[in-house]
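The values are calculated or read from the model by the stated rules, or taken from the named source; none is laboratory data. In this text, all values refer to a predicted model and were calculated from it rather than measured experimentally. Cβ coordinates were reconstructed from backbone atoms using ideal geometry, including for glycine residues, and neighbour counts include every protein chain displayed. Keep in mind that these areas ignore ligands, DNA and RNA; they rest on the heavy atoms of the full protein, side chains included. Shrake-Rupley method; radii C 1.70, N 1.55, O 1.52, S 1.80 Å.
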Amino acid sequence: MVDRLRTGIDALDRRLEGGLPRGALVAYTAEPASQSERLLYELMAACETRYLSTERSIRAVRSSLEAAPATVSETQVERLSAKRLEDATRTVADLSEERLLIVDTADRLERSDPDDYVAFLNELKETLLEIDGVAVLHCLRGTEPSNRIRTLHAADAVFELHTDRVGGRLETTLAIPKFRYDGQPVEAITLELTDGVAIDTSRDIA
């Protein structure tokens, strides 16, 4: 039985047979105008986290965390400099045991030299296995960087968040097309992203 990190969303944890496996590298893709950060905040509330921001300032990130419905604590927020891939690599080497790493967003890292980026992904995966940690790379859909395909290939799990207008109402679904462990959900999960993150049981049976 692979040890799991709870996502903080009970129904999702049940579908993943307890949560995200320790040592997993997760690519989490979403549209820029979606509420994708809500799911990140739920993860952060469930585990001590190191949060790397490639675009927003530390103050902006902390302001969002304070306003989040989930109670987020024990979060170390860092802003990556112009040498983002070098900074990210140093951070990976310094990760603590059983910790969650979030990179928001991974897009800027994905614009690095392909060989350097592949080396970063491999080092990250090796570190996660050593410390029983989990990393989530938040990837925006739209104008996708050339290395996005390498992110998706390296990832142990791919989460896809989709937001659509259905009859004048926003409907958000989470699909998991890739999961290298037992317990992959076959069907997309409908979520409510109003007050935190919850399974919409009016459309799915959790």
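Only residues that are small (Gly, Ala, Ser), in a loop (DSSP other than H, G, I, E, B), open to solvent by 30 Å² or more (accessible area, probe 1.4 Å) and at pLDDT below 80 were counted across the range 173-206, and they come to 2. On the basis of being open to solvent by 80 Å² or more (accessible area, probe 1.4 Å) and over 21 Å from Ala154 (Cα atoms), does Ala33 make the cut? Yes.
Tallying residues that are open to solvent by 10 Å² or more (accessible area, probe 1.4 Å) and not in a helix (DSSP H, G or I) within the range 36-47 yields 1.
So is Glu144 acidic (Asp, Glu) and at pLDDT 95 or above or not? Judged against the criteria, Glu144 is not a match. Can you confirm whether Arg169 is among the basic types (Lys, Arg) and surrounded by fewer than 16 Cβ atoms within 10 Å (Cβ to Cβ)? So Arg169 passes the test. Applying a threshold of 7 Å to beta carbon distances and a minimum spacing of six or more residues, or different chains, the list of pairs starting in the range 162-174 at a residue that is more than 22 Å from Ala11 (Cα to Cα) and ending at one that is charged (D, E, K, R) and open to solvent by less than 70 Å² (accessible area, probe 1.4 Å) is empty.
Among the conditions (1) exposed (fewer than 14 other Cβ atoms within 10 Å of the Cβ); (2) modelled with pLDDT of 85 or more; (3) within 25 Å of Pro69 (Cα to Cα), the only one that Ile149 does not satisfy is (3).
Within the range 1-24, the residues that satisfy the criterion of being touching a residue at least 60 places away in the same chain (Cβ under 8 Å), within 18 Å of Glu48 (Cβ to Cβ) and not in a loop (DSSP other than H, G, I, E, B) are Leu5, Leu20, Pro21. Counting only strands (runs of 3 or more DSSP E) that fall entirely inside the range 48-117 and contain at least 1 residues that are open to solvent by less than 30 Å² (accessible area, probe 1.4 Å), within 22 Å of Ser146 (Cα to Cα) and at pLDDT 90 or above, the qualifying elements are 49-53, 100-104. Among the residues of the range 139-159, the ones that are part of a strand (DSSP E or B) and over 18 Å from Gly19 (Cβ atoms) come to 2 in all.
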